[in-house]
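Readers should treat all values here as calculations from the given coordinates under stated rules, not as data from a laboratory. Values in this document were obtained by computation on a predicted structure and should not be read as measured data. FYI the Cβ positions are ideal-geometry reconstructions off the backbone, even for glycines, and counts take in every protein chain you see.
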Amino acid sequence: MRGFTLMEIVITVAIFSLLIALGLFMSMETFRGVSYRSEVDVIVSLLEKARSRAMNNIEQASWGVCYDPPNYLVFKGSDCDDAFALDRVEANSSVAAASDFDSAFPTVVFSQLSGQTTEESIEVKQNDRTSTISINEAGTILW
């Protein structure tokens, strides 16, 4: 008689199930890592955009970045005001909640022409990952 026994089939299915479960776990962890790094890149990009606009004296104003749930705002002037927002970028809600952006995200304003600002740092957290984006007084963004 040719064929497979029930035990051989059960063991084969168990091995395939284990491999599929492991693959799903690894892909979800990769996805969380990519979304975390993407959020850091978005924040840095918005800071660089605001600094560039201030240094190039666009609309003869200072420019800044703030967090106004659920969005990051690039705004004109010295106050985080939605009325003067140039860009609204939706924040990743899980990263914003883990990082406590409601209370911990500083309003960063770059002076026109010089790009100077007060020294600030933004901590981005998700699960066991933490990154710090630092802005020094000269307006240099380090991450």
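Which one is farthest from residue 36 (Cα to Cα) among residues in region 105-143 that are surrounded by 14 or more Cβ atoms within 10 Å (Cβ to Cβ) and among the aliphatic types (A, V, I, L, M)?
Checked region 105-143; the qualifying residue farthest from residue 36 (Cα to Cα) is 109.
Return yes or no: is residue 102 surrounded by fewer than 20 Cβ atoms within 10 Å (Cβ to Cβ) and either among the basic types (Lys, Arg) or touching a Phe, Trp or Tyr at 6+ places or on another chain (Cβ under 8 Å) (or both)?
The answer is yes for residue 102.
Of the residues 88, 37, which single one is at negative phi and in contact with a Lys or Arg (Cβ under 9 Å, 6 or more places away or on another chain)?
37
Got a sec? Which strands (runs of 3 or more DSSP E) wholly within region 90-141 have at least 2 residues that are free of Cβ contacts under 8 Å to residues at least 40 places away in the same chain?
Strands (runs of 3 or more DSSP E) meeting the threshold: 120-126, 129-135.
Against the condition free of Cβ contacts under 8 Å to residues at least 24 places away in the same chain, surrounded by 13 or more Cβ atoms within 10 Å (Cβ to Cβ) and under 12 Å from the mean Cα position of the chain (by Cα), how does residue 32 come out, does it pass?
In short, no.
Taking region 86-143, which residues are closer than 19 Å to residue 41 by Cβ and among the hydroxyl-bearing types (Ser, Thr, Tyr)?
93, 94, 99, 121, 130, 131, 132, 134, 140
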